[in-house]
Amino acid sequence: DGDGDGDGDGDGDEHSIITCTTSAGPLKMHFHKSWSPNGYERATSLFERGYYDHSHFFRVVPHFLVQFGIGYTQERELKHFADSSIKDDPKRADLMPFREGYVSFAGSGPNSRTSQLFIAYDRAQNLGTSPWETPFGEVVDGTQETVRKLYSGYGDMPPWGKGPEQGPIRNRGANYIVEDFPLLDKFETCIVKRVASLTQ
């Protein structure tokens, strides 16, 4: 699938700017390759290939995190790519503790990162201890307000709340959310721009 029109081939200083529309308003994120190279490349590639377009923010826990990343694509190759796991990246002490707006992968054990991401809220300082919790980006340009506005009325997933469960999202797709959790917000579309370095 080539590397698009990115300028920074193999350059640790590569960045990507992800500009999205969502049902709650605009969302802009800045990803840094030097923060978490494997995570950066996987997330940027998934956004470039439209994997997250129209997917829901299915887990919204105020003051903790927003989770997303179960896409509805029917494209087999993209599904396979999104479901394959990547190696963990080294931890960077200078990025700890987690700050509001950090973007990271969710995971379930060492080297388990696939496609699910989360954005940290303001009391997520206890995140970052698991090997997969290495931030690779942040929400920028005042669009953290959009993240704070995402619908959270269903609470966390069971048994902690009444939000959606991941299995049915995978099996039933968007219909499960639309029918049972109609107030949840979602991505519309995202545009990705890779840049070699940010000098401004």
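What the table shows:
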| item | result |
| --- | --- |
| Total residues in the range 1-20, condition open to solvent by 60 Å² or more (accessible area, probe 1.4 Å) and modelled with pLDDT of 95 or more | 1 |
| Count - residues of the range 141-167 that are within 18 Å of residue 120 (Cα to Cα), open to solvent by 40 Å² or more (accessible area, probe 1.4 Å) and not in a loop (DSSP other than H, G, I, E, B) | 3 |
| Sole exception among (1) modelled with pLDDT of 95 or more; (2) open to solvent by 40 Å² or more (accessible area, probe 1.4 Å); (3) over 27 Å from residue 128 (Cα atoms) for residue 50, by number | (2) |
| Members of the range 168-200 found to be modelled with pLDDT under 95, among the aliphatic types (A, V, I, L, M) and open to solvent by 100 Å² or more (accessible area, probe 1.4 Å), listed by number | none |
| Filter result for residue 114 (within 29 Å of residue 159 (Cβ to Cβ) and open to solvent by less than 60 Å² (accessible area, probe 1.4 Å)) | yes |
| Qualifying residue in the range 31-46 (condition: under 23 Å from residue 170 (Cα atoms), touching a residue at least 12 places away in the same chain (Cβ under 8 Å) and surrounded by fewer than 20 Cβ atoms within 10 Å (Cβ to Cβ)) | yes |
| Only listed residue being surrounded by 18 or more Cβ atoms within 10 Å (Cβ to Cβ), within 23 Å of residue 188 (Cβ to Cβ) and among the aromatic types (Phe, Trp, Tyr), chosen from 98, 105 | 105 |
| Pairs, first more than 13 Å from residue 67 (Cβ to Cβ) in the range 144-164, second surrounded by 14 or more Cβ atoms within 10 Å (Cβ to Cβ) and of a type in the set (S, T, N, Q), C-beta under 8 Å, six or more apart | 146/22 |
| Pairs where the first residue, in the range 77-100, is over 20 Å from residue 45 (Cβ atoms) and the second is modelled with pLDDT under 95 and open to solvent by 80 Å² or more (accessible area, probe 1.4 Å), C-beta under 6 Å, 6+ apart | 97/125; 98/125 |
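The values are calculated or read from the model by the stated rules, or taken from the named source; none is laboratory data. Nothing here was measured: the structure is a model prediction, and the numbers come from that model. Heads up, the Cβs are rebuilt from the backbone with ideal geometry, glycines too, and the neighbour counts pull from every protein chain shown. Remember, those area values only see protein heavy atoms, side chains included, never the ligands or the DNA or RNA. Shrake-Rupley method; radii C 1.70, N 1.55, O 1.52, S 1.80 Å.
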